[in-house]
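Asker: Got a structure here, written out as structure tokens. Questions coming.
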Amino acid sequence: MAIHSISRRSVLGGASALGGLVLGGGMARAQKAFVAPPALLEAAKKEGRMVLYTATFTEIMQETIAAFNKRFPFVRVEMVRASGGQLITRVQTEAAAGKLIADVVDHSDRGLMQPLEPLFADYAPPNAADYLTSVLVSPKLWPTTTAGWCIAYHTELVKNPPRNWMDLTKAEYAGGLIGQVIGPSGGTTWTRVMFERMVLGEDYWAKQAATKPRLYPSGAPLSDSLVRGEVSIAPLVHNIAFQKKRDGAPLELFFPPEGVPVTPYAAGITKTAANPNAARLFLDWFLSEEGQANEIKNHGNLTSLKVPPMFPDGFDPAKTKIWVPEFKQFQELFKPWLEEWNKTYGYRQ
């Protein structure tokens, strides 16, 4: 397989657009309570329900829905959760048959969502001007979630924990102590894979694969395996590790100093939405400072707001480096680099 090289200038250019992400004014500010227009509230009440298709971890989205319903109990949110590729396939299949059920589609892979733009209605939240335009792949699709990666480890099993990404290449963690989500898992993992190659070096995959990590199809089973002690160390999207630790699991997690790969999601209202007002109310709240503060405080997520309402525990805006791939590279490198990753890790799809 040919090596697809990227210059340092190109790498820095791709990441520089997010130099302001969660650092955008330098200081967090007190959140503003979300206030919906009376007409929208009345229309959403009449509809009384909405259907949400999401690639977010089930437990996390259930908590988000519960927080929304504390404010707006008259909207019943019916959630359909599927992994990235499966969710896109469902949307495409239903749309082709003229039977797209979702009112809102919320996805972790902007690259998969962009080609589906014609399926979505014109939409922008009331605070659209507060968001970084660099994370948008369409004016119809908005980053409800901005997920960052961390390293987590089992505190009862690991006495000499890793301190950074490069430590995951150490021989002392070989033999299946480390768990890894497979590169082709989805948009969040592809972002991590790109970061490893571009920032940590072209030989990072080979060094890390030499430790013989256990491979998992997604972050949900890997996080469960980490809690059970079947693996001791795992790079994970921060929100799933955060939730496990919050609920009492013997885990510690940290944002590595070399950088935090970040994935802004893409969510929009479908043109065929049967409940467009309930859908708009849900997304308006989710994307508001109140909704984003809920994601940060209760799920450990970051935000694509120019100025964050707060920071997640353990995140130091003065020290933590945020990394998001340039979108063109995100799309163009996907196939060739994942083929290389699969070969390096001995993974067959």
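Asker: Which whole-number percent is the relative contact order of the chain (Cα, under 8 Å, 6+ apart)?
Answerer: 31
Asker: While we're here: For the chain, what does the helix formula give at 222 nm: sum of -39500 (n - 2.57) over DSSP H segments with n ≥ 4, over the residue count, nearest 500 deg cm²/dmol?
Answerer: Helix contribution divided over all residues of the chain: -10500 deg cm²/dmol.
Asker: Still on this model: Based on the mean of other beta carbon atoms within 10 Å per residue, what is the order of 145-153, 293-301, 336-344, 319-327, most packed first?
Answerer: Ranked from most to least packed, the peptides come out as 145-153, 293-301, 319-327, 336-344.
Asker: Each residue of the range 269-278 in order: what ³J(HN,Hα) in whole Hz does its phi give by Karplus 6.51 cos²θ - 1.76 cosθ + 1.60, θ = phi - 60°, with x for Gly and Pro?
Answerer: 9, 6, 5, 8, 4, 7, 10, x, 6, 5
Asker: Shifting gears a bit: Classify the range 148-239: rounded, prolate or oblate, from the alpha-carbon gyration tensor (a ≥ b ≥ c, eigenvalue square roots; a/c under 1.5 rounded; otherwise prolate if a/b is larger than b/c)?
Answerer: Oblate is the answer for the range 148-239, as a/c is 1.5 or above yet b/c matches or exceeds a/b.
Asker: Same structure, new question: Considering the chain as a Gaussian network with a 10 Å cut-off on Cα pairs, which listed residue, 135, 158, 237, attains the greatest mean-square fluctuation?
Answerer: Judging by the Gaussian network model, the answer is 158.
Asker: While we're on this one: Order 242-248, 58-64, 189-195, 261-267 from most to least packed using the mean count of other Cβ atoms within 10 Å.
Answerer: Averaged packing, sorted descending, gives the order 261-267, 189-195, 58-64, 242-248.
Asker: Under a 5 Å amide H to amide H cut-off, with H placed in plane at 1.01 Å, what residues pair with residue 149 once short-range neighbours are removed?
Answerer: HN-HN under 5 Å from residue 149: 238.
Asker: Once you charge only the Cβ atoms, +1 for Lys and Arg and -1 for Asp and Glu, what is the size of the charge dipole of the range 157-282 about its Cα centre, to the nearest 20 debye?
Answerer: 280
Asker: Further question on the same structure: Which shape class, rounded, prolate or oblate, goes with the range 44-105 when its Cα gyration tensor gives a ≥ b ≥ c as root eigenvalues, a/c under 1.5 marks rounded, and past that a/b bigger than b/c marks prolate?
Answerer: oblate
Asker: Could you derive backbone 3J(HN,Hα) for the range 79-91 from the dihedral phi with the Karplus parameters 6.51, -1.76 and 1.60 (θ = phi - 60°), listing whole Hz in sequence and x where the residue is Gly or Pro?
Answerer: 9, 10, 10, 8, 5, x, x, 5, 5, 4, 4, 5, 4
Asker: Right, something else. Quick one: which residues, 5+ away or cross-chain, put their amide H under 5 Å from the amide H of residue 267? H built at 1.01 Å from N.
Answerer: 107, 142, 144
Asker: Could I ask something else about it? Tabulate in residue order the Karplus-calculated ³J(HN,Hα) for the range 92-107, using 6.51 cos²θ - 1.76 cosθ + 1.60 with θ = phi - 60°, rounded to whole Hz; enter x for Gly and Pro.
Answerer: Once θ is set to phi - 60°, the couplings for the range 92-107 become 4, 5, 5, 5, 5, 8, x, 10, 5, 7, 5, 8, 10, 10, 10, 10 Hz.
Asker: Something else about it: Calculated from the structure, P(r) over Cα pairs in 20 Å bins from 0, in percent equals which of (i) 27, 54, 19, 0; (ii) 31, 58, 10, 0; (iii) 36, 60, 4?
Answerer: Here P(r) over Cα pairs in 20 Å bins from 0, in percent agrees with entry (ii).
Asker: Let me ask something else. Taking springs between alpha-carbon atoms closer than 10 angstrom, which of 332, 230, 290 fluctuates most in the Gaussian network model of the chain?
Answerer: Between 332, 230, 290, it is 332 that shows the largest mean-square fluctuation.
Asker: List, in the order given, every pair from 99/271; 140/306; 159/319 whose Cα-Cα distance in the structure shown is over 22 Å.
Answerer: 159/319
Asker: Run through the DSSP bridge list for the chain and note the antiparallel percent, rounded to the nearest 5.
Answerer: Around 55 percent of the beta bridges assigned by DSSP in the chain are antiparallel ones.
Read the figures in this text as sums done on the coordinates, not as results from a lab. This structure is a prediction, so every number in the text was calculated from the model and none was measured. All Cβ positions, even for glycine, are placed from backbone atoms using ideal geometry, and neighbour counts span all protein chains on display.
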